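See structure below.
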Amino acid sequence: MILFHRAGHWAIIIFSLLLVPIVFNSCGGYESADISSKIQESSSSTNETDQTTPPSGSETAPSGEPEFSPDDQGWLVQRNFNQGTEGEKVELGAGGSSRYSYDVSLDGSMAAKMSIRAGETAFGQWGGILNFDSPLTQGDKVWIQFYIYIPSSFIIETPTNGSLKFIRIRTQTSGGQNGGYNDLQMMDDNTGSNAVYRYIKEGPGARWTSVAQANQRSMLLPRDRWFKVEVALSFDNVPTSDGGKSYFRMWVDDNLIWNGLDVNTLSRPDDLATALYLFTYWNGGAPQDQSLYIDNIIMTSKVPSNTDNQGHAFIGSPQ
Ligand SMILES: [Ca+2]
């Protein structure tokens, strides 16, 4: 009798446990419908998006729209490469060989296929440039997020350099001269260096900083799958670690992999940051004809409302 009672008790507990996910799922369903209508609203009402996202693409988009404090006056630039003709040049500066493509789809839509030919350094052809809507200066910040797909056949090998120019933020002096790039690069395949990425701020006192460890490469620089990269820069000539405001952070698939508080993102206090350079130059010439893919670029000077698990503001994956 006691046993029977216990069995009945367990049956109630198991039944309750089964009920929880059902209730949870139905809430989730309302939530996603809500998000999807929000995305459609925002893509049809903003002209900051260069191409309007078709509703079907929005429903399967990998994350919601970034959210910001409503009174944030910063700018937002987005590229989803959904509106265009396959094979045509995408809307990126200095990206002559970057084309709309269905080859590898992130969300059922097109992506930017970025190609380079064997032996070429390819400035003007390889990757692309996105200008900031307005220059950023000391105390300003920028967040840049995108998805990238690198086929396993793609060779990262840069004779004479050791790493491939990847995410670069151009800075200039108040007089309009080159102020040195914030330059995040991918370590060459089989480099022998214990890093996956490395960073340098060009200019006086320039030095390399290693990012992550070589044994994390398959996770932080994977092949044959889409992964998400995000960086945040706070602009100053004095590092946060020295009492200034400068930092460079990097996330892969929403995980913080570098919190660079000891870097100076500007060389002089009155320098300006003006543009994102994605790839754009292959040191020493590419080893073969090859392509990779980029999609869903978000670049903003507004402070995202979302935070990572350590409390740092980031775009991440808004719900
Ligand atoms: Ca797309």
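No lab work stands behind these numbers, since they all come straight from the coordinates. Only a predicted model underlies this, so the values are computations on that prediction, with no experimental measurement involved. For neighbour counting, all protein chains shown are included, and Cβ atoms are generated from backbone atoms with ideal geometry for every residue, glycine included.
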For the range 102-180, which trypsin sites (Lys or Arg not before Pro) are in a loop by DSSP, counting at most 15 other Cβ atoms within 10 Å? Arg117
Taking a label point 7 Å from the Cα of Arg207 along the Cα→Cβ vector, which residues of the range 226-240 have an amide N closer than 20 Å to it? 234, 236-240
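Give me the percent of DSSP beta bridges within the range 167-288 that run antiparallel, rounded to the nearest 5.
On the way: 29 of 30 bridges.
Close to 95 percent.
Stretched out fully, how many nm does the piece from Ser305 to Trp75 gain, at 0.36 nm a residue minus the Cα gap?
Values: separation 230, 0.36 × 230 = 82.80 nm, distance 1.46 nm.
Net length gain for the segment: 81.3 nm.
What ranking of Thr85, Thr158, Thr191 emerges when the number of other C-beta atoms within 10 Å of each C-beta is taken as an exposure proxy, fewest first? Could you put the intermediate results ahead of the total?
Numbers: Thr85 9, Thr158 23, Thr191 18.
Ranked by crowding around the Cβ, least crowded first: Thr85, Thr191, Thr158.
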Straight-distance crosslink candidates among aspartates and glutamates, where the alpha carbon sits under 20 Å from Lys245 and sequence neighbours closer than 8 are dropped: Asp72, Asp140, Asp183, Glu202, Glu230, Asp236, Asp262, Asp270, Asp271, Asp308
Dipole check, the range 51-300, charges on Cβ (K,R +1; D,E -1), about Cα centroid: among Gly108, Gln185, Gln288 the Cα furthest to the positive pole belongs to Gln288
Any of Lys141/Lys201; Lys89/Lys201; Lys201/Lys228 with alpha carbons more than 21 Å apart? Name them for me. Lys89/Lys201; Lys201/Lys228
